[in-house]
1. Hey, which of these cross-link pairs are over 21 Å Cα-Cα: 191/223; 25/191; 9/191?
2. If you project the alpha carbons of the chain onto the principal axes, what extent comes out on each, in Å, largest first?
3. In the range 197-270, what chymotrypsin sites (Phe, Trp or Tyr not before Pro) fall in a loop by DSSP, with at most 12 other Cβ atoms inside 10 Å?
4. Which one of 50, 376, 142 has the biggest mean-square fluctuation once the chain is modelled by GNM with Cα springs under 10 Å?
5. Give me 30, 39 sorted ascending by neighbouring Cβ count inside 10 Å, so fewest comes first.
6. Sort 365, 322 so that the residue with the fewest other Cβ atoms within 10 Å of its own Cβ comes first and the one with the most comes last.
7. So, by mean Cβ neighbours within 10 angstrom, what's the order for 122-130, 90-98, 327-335 with the highest one leading?
8. What value, in deg cm²/dmol to 500, does the helix sum -39500 (n - 2.57) over DSSP H runs of n ≥ 4 give at 222 nm once divided by the residues of the chain?
Amino acid sequence: MRLAFEGLKANIDVPDHPAFLAALKAAAIDWPFHRVETDEEPIARIIARGTSLVVHHPEEEPVPTTPVAAACDVMVSLAGALVTENPHRLCLHGAAALFAGRLLVFPGHSHAGKSTLTARLAADGHTIFGDDIVPLDEQGNGVALGVAPRLRLPLPASATPAFRDFVMRHAGASDGRYHYLALPEGRLARKGTTAPIGAIVLLDRQPRGPADLRAAPRSLALKLLARQNVSYAEDARPLLAQMSALVQRLPCYVLAYADLEEAAEQLASAFGRWPAAPQHLPLADPDALSRRLLQHDPLAEADIEFDQDLSCEPYRPGMRLVRNPDVTMHEVEGEAFLAGVDHTAAINNLNPIALGIWNLMIHPVDEAEAAYVLSGAFPETDPHVIARDVSALFQSLHDSRFAIEATGPRPKAWYPLVVARPHT
């Protein structure tokens, strides 16, 4: 049978399989769905084969799975459809919980600990708006989808007997690996409920050590949001604008923790009322924090492939490049973030030196000219190293179409010294 979910055009083929349908109802606990008749291609098919299920996605190999895992797959597909059908709407990949009338948003990649932490906060009585995806409305408020939190089992070693008992007593559907919670009334926000966002809290889960809440660099918060929220956008510019505005108007923190109880206590103490208490916390070490958070991000380690414009000539050394006029830039704390459309529908982060070269590209420039300017700003650096790094940046900007080949005659030398040495 074909199912459609409230607010989405996408549909899914599913079998009349009691265990699967029970798991799906436990997952989409407050997200209404109904049977439909349509000839449109479904975004996924769940097929029963004997006592097992097989998940089919277009252009992917079928995957055998359990009823609960199949329900998980459906929810992931629906999240993707929500993003696809609302290309100008920011949908944060993260969790959100209500503290004193405002949301704490916990952006993070898979296995960052956001679902377990939100479940622990639900045990304390906080209302959960989501543990994986949180859409924003036009006013920038978080919107609940009515999806139950999903835990991965086993629970971490720091989980107390009381929390383990809470999880078991409020089981919705479980297969020993995935475990949906059926939260008590009021602990899961009803679908469509909105609330203002109070703060962004990055999660830095560690193997040991006390919980510690510190201020987080806004540029790092934007970097994490950008990597997690623009995967399939046809136009990344409005999304970057929304994310940039979000991190600049909201306080950003990082919570380092190993123990769930300590983490919950830190959040309760800091955000039990608004304005929140931690207004002058020390800044977390940006370099160490960036290494820890980004190295565990699968997108940070993946080779990003850009759609190539086949009519575009391959990059060659000596090619003069100029900024693509369709690309926009937002600067946060000295770091630049670029976004574009079509094959440039991604977000590129430039460090201060790369930003200097981008500034040069307001006019056509080639590698030699850029390397010359950079060597003047950093005379103690080996010119060969500078030339190598400039060549790699030119290649990347051209291949991603953030910069394009300049046409017309070569102008007279024009370039000022626009690369500033970083402050120490």
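Since every read-out is calculated from the coordinates, none of them should be taken as a lab result. Note that the structure is predicted; figures quoted are calculated from it, not measured. Note that we place each Cβ from the backbone using ideal geometry, even for glycine, and neighbour counts take in every protein chain shown.
1. 191/223
2. So the three principal-axis extents are 73, 55, 36 Å.
3. Here the sparse-neighbourhood loop sites are 232.
4. 50
5. Ascending Cβ contact count within 10 Å gives the list 39, 30.
6. Neighbour counts put them in this order, fewest first: 322, 365.
7. 90-98, 122-130, 327-335
8. Value at 222 nm, helices only: -10000 deg cm²/dmol.
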